[in-house]
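What follows is one structure encoded as structure tokens, with my remarks underneath.
The values are calculated or read from the model by the stated rules, or taken from the named source; none is laboratory data. Not measured: the values here are computed from a predicted model. Please note: Cβ atoms are built from the backbone with ideal geometry, for glycine as well, and neighbour counts cover all protein chains shown. Remember, those area values only see protein heavy atoms, side chains included, never the ligands or the DNA or RNA. Shrake-Rupley method; radii C 1.70, N 1.55, O 1.52, S 1.80 Å.
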Amino acid sequence: MPAPVLVLNESTKRETGSKVYHANIQASKAVADIIRTTLGPRSMLKMLLDASGGIVLTNDGNAILRELDVAHPAAKMMLELSRTQDEEVGDGTTSVIILAGEMLYVAEPFLEKLFHPTVICRAFAKALEDSLAVLEQVAFPIDVSDREMLLNIVRSCIGTKFTSRFGTLIADLAIDSVNMVAIDLGNGLKEIDVKKYIKVEKIPGGQLEESKVLKGVMFNKDVVAPGKMRRRIVSPRIVLLDCPIEYKKGENMTNAELMNEEDWSMLLKLEEEYIQTMCSQIVKFKPDVVITEKGLSDLASHYFSKAGVSAIRRIRKTDNNRIARACGATIVNRPEELQESDVGTGAGLFEVQKIGDEFFTFITDCKDPKACTILLRGASKDVLNEVERNLHDAMGVARNVIRDAKLLPGGGATEMVVSAALKKKASSIEGVEQWPYKAAAQAFEVIPRTLAQNCGVNVIRTMTALQAKHADEDNANFGIEGHTGKITDMKEAGVWDSFGVKAQTFKTAIEAACMLLRIDDIVSGIKKKQTGPKAKTPKTQIEDDKDVDSEQAIPE
């Protein structure tokens, strides 16, 4: 009897491929389920255990996902979504994962019915385009000069965080710091670089209420010669350098053969003269403070203290850039190229203070600082780390609102408006794309549904009532109040979402879902090494230049 032959027709191939789709969707949904409980003001906290035995308590989506160790490639892609969202807009890291997971979940029934992934992706892309158009209609502009309005926006966006219990403190810090570093480029454009020019300095001890935004910068350094150099200077002239103020050492091993005792004295004298010349070139501009990123020798310290100049060495490049922006100085690479215009005169006070066991240098009261430091005080390192994470989100929201001054109602109201609009439009779409399009509209409801779940209310009743509200277009502002779970007018409650964050969340989530749906196979590119007695020794081969493996070519 002949052996049975397996005939792979088109539908069979698709069925075997659906196993990969199913695995990808399950992995993505598992990641979404991990952080689903961290959405909303009544969210749960996660306890993270790191490799060194430390414990972190947080409900920040990005912080949780950063610590996850996952093996499945689809799950790894989901983790990247959170990182992308965090770098792009600084907030919405939890929402983007939940929405992407739901988009994949609603696509699964269509894959089982042998819909082609391209058809589903086309419907999702159309849904994304229409949802962004709905956002534009629902959004309304605001006046960024109205501080009370800005405070309400930032507070509502970080109302889900640990620091919401401290009132407007974090929102105040975020708005003050973002306004300080904002540069107007004209034509309504603003450059706000939060990462480069806002530094968060965490010092345990004291109360959280003592935290403040410095009108300038601070860093963890003391002057080179504490007894001889001034630690407090009013209206200082500051010179910033990117070069060592010490005798230049040879590039390679340098040997000098000395025949006489005088030669040794001559060598020392040359070294002294070289350093003295460097110091005199700097001192002739009458600086009060000299700060360098490289080393500064004891001899240079002596010359500076004689001239009444306070010196600081080995400062970080990033700190040096912030000082330059704060006091109007220019970082100079060679002392002989120093000019009067390079000296920073914008600072009001240079002061070194001892906080706890360490010394900190403050350059504050700057005239027009375009860089600043946020000084955070708190009971412990764990509290300070969580406050810093919340502050990062708050600064992201403030930056987005100032850059693109448009708002949307919060509490899941925007998602319900988008969902209702897409459901209405789904009936006008021709062909099989209508069904995945309708499913995408359904998927947007996951945000208000999750908020209701985390409040502990009856989810089905609440969602049915909310859908009934949004059947009337005049109720676009109704969403779920995060503390009680009741359906409330978000405009009256003062709960808002930033337009930039919401638009980025939709784009990232749907585009990532489409990308994962397009994967029909996972191929491992890792070679498995044979072990044991059966492992054959490879035959000697002559390789061309083209065939040489660069890693094998390097001798151990």
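What pairs come out if I take residues in region 244-268 that are over 26 Å from Gln281 (Cβ atoms) and pair them with residues that are open to solvent by 100 Å² or more (accessible area, probe 1.4 Å) whose C-beta lies under 8 Å away, six or more apart or interchain? As it stands, the answer is Leu258/Trp264, since those pairs meet every condition given.
The set of residues from region 470-481 being free of Cβ contacts under 8 Å to residues at least 24 places away in the same chain and either under 14 Å from Gly412 (Cα atoms) or in a strand (DSSP E or B) (or both) comprises just one member, Asn475.
In this structure, is Glu257 among the acidic types (Asp, Glu) and either open to solvent by less than 80 Å² (accessible area, probe 1.4 Å) or in a helix (DSSP H, G or I) (or both)? So Glu257 does not fit the description; no. Just name the residue that is modelled with the highest pLDDT out of those in region 185-197 that are on the phi < 0 side of the Ramachandran plot, open to solvent by 40 Å² or more (accessible area, probe 1.4 Å) and out of contact with any Leu (no Cβ under 9 Å at 6 or more places or on another chain). Filtering first and then ranking leaves Lys196.
A single member of Val283, Val224, Val217, Val234 is under 23 Å from Ile363 (Cβ atoms), of a type outside the set (Ser, Thr, Tyr) and exposed (fewer than 14 other Cβ atoms within 10 Å of the Cβ), and it is Val234. Only one entry in Gly412, Gly431, Gly396, Gly346 is in the same structural domain as Asp472 (by the TED database) and surrounded by 19 or more Cβ atoms within 10 Å (Cβ to Cβ), namely Gly412. Of the residues Lys423, Lys502, Lys469, the single one that is within 15 Å of Gln137 (Cα to Cα) and of a type in the set (Lys, Arg) is Lys502. Based on this model, can you work out whether Asp222 counts as out of contact with any helix residue (DSSP H, G or I) (no Cβ under 6 Å at 6 or more places or on another chain) and not assigned by the TED database to the domain that holds Glu386? Yes, satisfied. Checking the structure you have, find out if any residue of region 164-184 is of a type in the set (Asp, Glu), in contact with a helix residue (DSSP H, G or I) (Cβ under 8 Å, 6 or more places away or on another chain), at pLDDT below 90 and open to solvent by 50 Å² or more (accessible area, probe 1.4 Å). No, the conditions are met nowhere in region 164-184.
When Ala509, Ala493 are screened for being outside the structural domain of Ile158 (by the TED database), open to solvent by less than 30 Å² (accessible area, probe 1.4 Å) and out of contact with any strand residue (DSSP E or B) (no Cβ under 8 Å at 6 or more places or on another chain), only Ala509 passes. Inside region 435-451, can you point out the residues that are of a type outside the set (Val, Ile, Thr) and either touching a residue at least 40 places away in the same chain (Cβ under 8 Å) or touching a Phe, Trp or Tyr at 6+ places or on another chain (Cβ under 9 Å) (or both)? Listed by number, the residues that qualify are Trp435, Pro436, Tyr437, Ala439, Ala440, Ala441, Gln442, Ala443, Phe444, Leu451. Consider Ile97 carefully, then state whether it is within 19 Å of Pro448 (Cβ to Cβ), part of a helix (DSSP H, G or I) and open to solvent by less than 10 Å² (accessible area, probe 1.4 Å). So Ile97 fits the description; yes. When region 108-125 is filtered for residues that are surrounded by fewer than 16 Cβ atoms within 10 Å (Cβ to Cβ), at pLDDT below 90 and part of a helix (DSSP H, G or I), only Glu112 remains. Scan region 24-64 for residues that are in a helix (DSSP H, G or I), small (Gly, Ala, Ser) and without any contact (Cβ under 8 Å) to a residue 60 or more places away in the chain and jot them down. Residues satisfying the conditions are Ala27, Ala30, Gly61.
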